[in-house]
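*Asks:* Sharing a structure here in structure tokens format.
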2 protein chains.
Amino acid sequence: MSLSSLSALRTEIFHYIDAHQSDFIENLKEWVAVESDSVQPDLRKEVIRMMSLAAARLAALGATVNSLLNGQHLPLPPVILGELGKDPQNLTICFYGHVDVQPAKKEDGWKTDPFTLTEINGNLYGRGATDNKGPVLAWINAVGTFRALKRAMPVNFKFVIEGMEEAGSLGLEKLLEEEKQGFFSDVDYIVISDNLWLSKKKPALIYGTRGNACFCVEVEGGDKDLHSGTFGGIIHEPLTDLIALLDSLVDPTGHIQIPGIYDAVAVLTDEEKKLYESIEYDIEEHKNNSGVKKLLYSTKEEILLHLWRYPSLSIHGIEGAFHEPGIKTVIPAKVIGKFSIRQVPNMDLSDVHQRVVDHLENVFAKRNSPNKLKVSMPLGAQPWVADVNDPLYKAAKRAIKTVFGEDPDFIRDGSTIPIARIFQTITQKRVIMFPIGAADDGEHSQNEKISRFNYIEGTKVFAAFFLEIAKLRGQSHETSNPGTNN
Amino acid sequence: MSLSSLSALRTEIFHYIDAHQSDFIENLKEWVAVESDSVQPDLRKEVIRMMSLAAARLAALGATVNSLLNGQHLPLPPVILGELGKDPQNLTICFYGHVDVQPAKKEDGWKTDPFTLTEINGNLYGRGATDNKGPVLAWINAVGTFRALKRAMPVNFKFVIEGMEEAGSLGLEKLLEEEKQGFFSDVDYIVISDNLWLSKKKPALIYGTRGNACFCVEVEGGDKDLHSGTFGGIIHEPLTDLIALLDSLVDPTGHIQIPGIYDAVAVLTDEEKKLYESIEYDIEEHKNNSGVKKLLYSTKEEILLHLWRYPSLSIHGIEGAFHEPGIKTVIPAKVIGKFSIRQVPNMDLSDVHQRVVDHLENVFAKRNSPNKLKVSMPLGAQPWVADVNDPLYKAAKRAIKTVFGEDPDFIRDGSTIPIARIFQTITQKRVIMFPIGAADDGEHSQNEKISRFNYIEGTKVFAAFFLEIAKLRGQSHETSNPGTNN
């Protein structure tokens, strides 16, 4: 396709999308009306109903839809695998999204009924509006626009739509494993649109998330809790040991004290450093959102670097000790400290685990305590990082420039979103996180919304992205392995 | 009374007590049958019924009985003030005891019904058998024996019997204040028999208890809990601050790290040290009871000194942090550490309070944290110590030698029993803790018991004690102020 005809097609598509805003919002209204809360078991049937609606909508696009059942006791909703187009000349993009939502109740502080999509001042309020029903529909509507205009599909589409994301994506990883030689074998790129921009106004692409290594450190004394009057002063109290162990982990500036823990952290390159300069980020607003009075750092770059690409350690609490209001003069027999490390490339999970164990055992040994120490890592999610120079990212960047008139921020997420890492690790495909929601959308909060602007322009940016991907035909496999750069 | 006639009287009394064992046990059986559990509000009526039984029994002795009502919402049982004898030639002993009990249910692991006194192998099992119905009845029966034998009362008696001890002696302190110029004005000595010997076999007198200064140390960051992915690494986490504060309190050997905290601890005298040598105390058994593998000290003297007459600091837990099983990657916004110091003579409560505040503020200041620190002492009970050379103690010692054939151990209690201190402080009378139960009686536990031997010999020892007190006429006010020696 020539440049001018491409441009004409794009214009036609954008016009169509603008003209059908009301239809697209009607679609979202229909979806938001389903209380597909996957967290509360008694609403599981609504999630299952939601999956049928999503499958029907894909089928209406002309996609082949396969709903895979999972789950034993309480029925799990199916995972939808859809596909549309099998042109061997085209690249294949697999879109991942979810149509289940977080719990919501009007009385939690919603200004409007959470399951009735309501537009106020250009914002579409409703549970799932931005997380993740809106983006899923934006993608579907972008695909639908090509069909409505009877235009050839510029790429082949695949869809993975699940209904258990808010409950930990139960069963999804297993399904990916099973399908990696089948459904995923001819996929070129995977797109996830389940995040937000860092700014209220400026688009962003996400190329990394931190990992999460969760630790339990258990100190056990005798077999029962004791009274501090009867035993205080003559025994090694397990909680005193535990407090000392926890106190050895991190200093007042947030620096982790575990020897060698920073050794594997990827060196910050000049190119990477540059990415941080242009990022639109309101420190004051982030601080105000946190409710804290003062952050550990004062510049945008320092804050974002410590949030995204340096590890952090947080202590969450203690199990087994007295935790209620008031006073109980107990010497707890067995206490379990909980902390986690948000690790970053290229920290290896098993290396982190070993260093934590060695450090805690070393600190404990110096105490000469007869109590028993047990350190475990019940949960370990790896960090994820993609190469922003991959054609996939460049295509998304161009689509954004076309629709929004500016380059996106390349950002990371300090949280752990295992889905990107899991898709990348299992399928060995390139993954992009391509959000269309704004920083203030309030996913998981009361009054969740997506703006009409973001929803409609998001639809356009996905359509423009398809056209950009189409341009990559024949050059998509030139780059290095996914996710090894940082 | 001549020595020989005294001895004859004593013999007569002891014979009477031996001959009426079954009656005395019947009395105890009747009392144990009342589920006078003051902890559970729906059993309050049983506590009130128990108070009537106790009042009736005192009235049967010939005592004047006054049942003082207290309480507003849920009716509190009355406190019984009884008196028997007003001979100005006699000294007046006030006996304190309680007839309410801890909760008990057969299914908690009792071998017998907890409210049916049951004798097995010389032990009388039942809730309240040793705590405190048995000792109260032993005292009443000892008094009753003089009446039954138509003997002149060797002393005047007063009784304070309450029914809310297990629920914190609600209202008692206020009543003592109100009655200090009235009921208590002509009292010479106060006897409390609400403890146990340190040994299973060897009698003991208790002359001290540790105090308890309970602290809350609160660290507050922002106004809401945060997610460790979104804020980990860029904020001063309140729990990290709190862990450091708690870790600054006590070293691995149990030594308190608060500057100057030991300054006021009374110096151990040679005389006092000697008291520890003869004490019968089974380290192995105490260790086994605790369930711990190793104590901080290995000799009897070191253990008892650190339990009774040196302060200890125990950390109890943290409110506001994650305390459940599993992992929650939360950064808690406000956390409150709970710890307490068992303080000893002559540590002053307000001095302890000030030192704790100063120390924690000092440690906190060095962290440069923007979080808010708040230290409070919601509860402070003072230690209590009596002079073992007081004639009161010598009289009890002689009574014990007469009945049990050996001198008692002079012991303390590492726990805080505010009652002794409160009686002493408010009434300014000399107080003795005069237990008749053995170390293995299991107060508050399943299968609580008092042995027939302890119950009957305890009755005798109280009777013998009355005779010993009678000997003190004219010399009771010679010693120094109560409780200032250590």
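*Asks:* Filter the stretch A:213-248 down to the residues that are over 12 Å from A:Ile331 (Cα atoms), outside any strand (DSSP E or B) and touching a Leu at 6+ places or on another chain (Cβ under 6 Å), then identify the one that is nearest to the other protein chains (Cβ to nearest Cβ).
*Replies:* Checked the stretch A:213-248; the qualifying residue nearest to the other protein chains (Cβ to nearest Cβ) is A:Ile243.
*Asks:* Here is a follow-up. So, in the stretch A:142-159, exactly how many residues are part of a strand (DSSP E or B) and modelled with pLDDT under 90? Explain how you work it out, then say what you get.
*Replies:* Filtering the stretch A:142-159 down to residues part of a strand (DSSP E or B) leaves A:156-159.
Next, from what is left, pick out any that are modelled with pLDDT under 90: none.
Total meeting the criteria: 0.
*Asks:* Sticking with this structure for a sec: List the number of the failed condition for B:Gln475; all other conditions in (1) under 30 Å from B:Val265 (Cα atoms); (2) modelled with pLDDT under 90; (3) surrounded by fewer than 19 Cβ atoms within 10 Å (Cβ to Cβ); (4) not basic (Lys, Arg) hold.
*Replies:* The failed condition is (1).
*Asks:* If a residue must be part of a strand (DSSP E or B) and over 25 Å from B:Phe453 (Cβ atoms), how many such residues does the stretch B:160-212 contain? Talk me through it step by step, then tell me what you get.
*Replies:* Let us first name the residues in the stretch B:160-212 that are part of a strand (DSSP E or B), namely B:160-162, B:189-192, B:196, B:204-209, B:212.
Now narrow it down to the ones that are over 25 Å from B:Phe453 (Cβ atoms): B:160, B:162, B:189-190, B:208-209, B:212.
Looking only at that region, the number is 7.
*Asks:* In a loop (DSSP other than H, G, I, E, B) and either more than 14 Å from chain A (Cβ to nearest Cβ) or more than 25 Å from the chain's Cα centre (by Cα) (or both), is that true of B:Asp263? Break it down stepwise before answering.
*Replies:* On the way: in a loop (DSSP other than H, G, I, E, B): yes; either more than 14 Å from chain A (Cβ to nearest Cβ) or more than 25 Å from the chain's Cα centre (by Cα) (or both): yes.
So B:Asp263 fits the description; yes.
*Asks:* Out of the stretch B:443-463, which residues are among the small types (Gly, Ala, Ser) and surrounded by 24 or more Cβ atoms within 10 Å (Cβ to Cβ)?
*Replies:* Of everything in the stretch B:443-463, those that are among the small types (Gly, Ala, Ser) and surrounded by 24 or more Cβ atoms within 10 Å (Cβ to Cβ) turn out to be B:Gly458, B:Ala463.
*Asks:* Can you tell me which residues in the stretch B:297-338 are part of a helix (DSSP H, G or I), facing chain A (nearest Cβ under 7 Å) and either touching an Asp or Glu at 6+ places or on another chain (Cβ under 6 Å) or in contact (Cβ under 8 Å) with a residue 24 or more places away in the chain (or both)?
*Replies:* Within the stretch B:297-338, B:His306, B:Leu307 meet the criteria.
*Asks:* Looking at (1) more than 25 Å from the chain's Cα centre (by Cα); (2) farther than 28 Å from B:Ala321 by Cβ, can you tell me which one A:Asp251 breaks?
*Replies:* Among (1) more than 25 Å from the chain's Cα centre (by Cα); (2) farther than 28 Å from B:Ala321 by Cβ, A:Asp251 violates only (2).
*Asks:* Picking from A:Ser298, A:Ser199, which residue would you name as being closer than 30 Å to A:Val461 by Cα, out of contact with any His (no Cβ under 8 Å at 6 or more places or on another chain), surrounded by fewer than 23 Cβ atoms within 10 Å (Cβ to Cβ) and of a type in the set (Gly, Ala, Ser)? Quick ask: steps written out before the conclusion?
*Replies:* Details: A:Ser298 fails: closer than 30 Å to A:Val461 by Cα.
That would be A:Ser199, the only listed residue that is closer than 30 Å to A:Val461 by Cα, out of contact with any His (no Cβ under 8 Å at 6 or more places or on another chain), surrounded by fewer than 23 Cβ atoms within 10 Å (Cβ to Cβ) and of a type in the set (Gly, Ala, Ser).
*Asks:* Follow-up question, since we're still on this one. Which of the following residues is of a type outside the set (D, E, K, R) and buried (at least 22 other Cβ atoms within 10 Å of the Cβ): B:His98, B:His20? Please lay out each step first, then the result.
*Replies:* On the way: B:His20 fails: buried (at least 22 other Cβ atoms within 10 Å of the Cβ).
Sole residue among the options that is of a type outside the set (D, E, K, R) and buried (at least 22 other Cβ atoms within 10 Å of the Cβ): B:His98.
*Asks:* Does the stretch A:249-260 hold any residues that are at the interface with chain B (Cβ under 7 Å from one of its Cβ atoms) and at negative phi, and which are they? Don't jump to the end; show me each part of the working.
*Replies:* Within the stretch A:249-260, the first condition is being at the interface with chain B (Cβ under 7 Å from one of its Cβ atoms), and the residues that meet it are A:250, A:252, A:254.
A:Val250, A:Pro252, listed by residue number.
*Asks:* Also: Output the residue which, of all residues in the stretch B:92-122 that are under 23 Å from the mean Cα position of the chain (by Cα) and part of a strand (DSSP E or B), is nearest to B:Glu448 (Cα to Cα).
*Replies:* Only one residue tops the list, namely B:Val101.
*Asks:* Taking only the stretch B:82-111 into account, find how many residues are polar (S, T, N, Q) and within 20 Å of B:Ile456 (Cβ to Cβ).
*Replies:* Count: 0.
*Asks:* When you check B:Ile432 against the structure, is it in contact with a helix residue (DSSP H, G or I) (Cβ under 6 Å, 6 or more places away or on another chain) and either more than 27 Å from A:Phe231 (Cα to Cα) or buried (at least 22 other Cβ atoms within 10 Å of the Cβ) (or both), yes or no? Explain how you work it out, then say what you get.
*Replies:* Numbers: in contact with a helix residue (DSSP H, G or I) (Cβ under 6 Å, 6 or more places away or on another chain): yes; either more than 27 Å from A:Phe231 (Cα to Cα) or buried (at least 22 other Cβ atoms within 10 Å of the Cβ) (or both): yes.
So B:Ile432 passes the test.
*Asks:* For the stretch A:339-376, what are the residues that are within 14 Å of chain B (Cβ to nearest Cβ), part of a loop (DSSP other than H, G, I, E, B) and either without any contact (Cβ under 8 Å) to a residue 24 or more places away in the chain or not β-branched (Val, Ile, Thr) (or both)?
*Replies:* Those that are within 14 Å of chain B (Cβ to nearest Cβ), part of a loop (DSSP other than H, G, I, E, B) and either without any contact (Cβ under 8 Å) to a residue 24 or more places away in the chain or not β-branched (Val, Ile, Thr) (or both): A:Gln343, A:Met347, A:Arg367, A:Asn368, A:Ser369, A:Pro370, A:Asn371.
*Asks:* Let me confirm something: among A:Ser369, A:Ser415, which residue is modelled with pLDDT under 95, touching a His at 6+ places or on another chain (Cβ under 9 Å) and either farther than 28 Å from A:His98 by Cα or among the polar types (S, T, N, Q) (or both)?
*Replies:* Numbers: A:Ser369 fails: modelled with pLDDT under 95.
Within the list A:Ser369, A:Ser415, the selection yields A:Ser415.
The values are calculated or read from the model by the stated rules, or taken from the named source; none is laboratory data. As the structure is a computational prediction, the values presented were derived from the model and not from experiment. Heads up, the Cβs are rebuilt from the backbone with ideal geometry, glycines too, and the neighbour counts pull from every protein chain shown.
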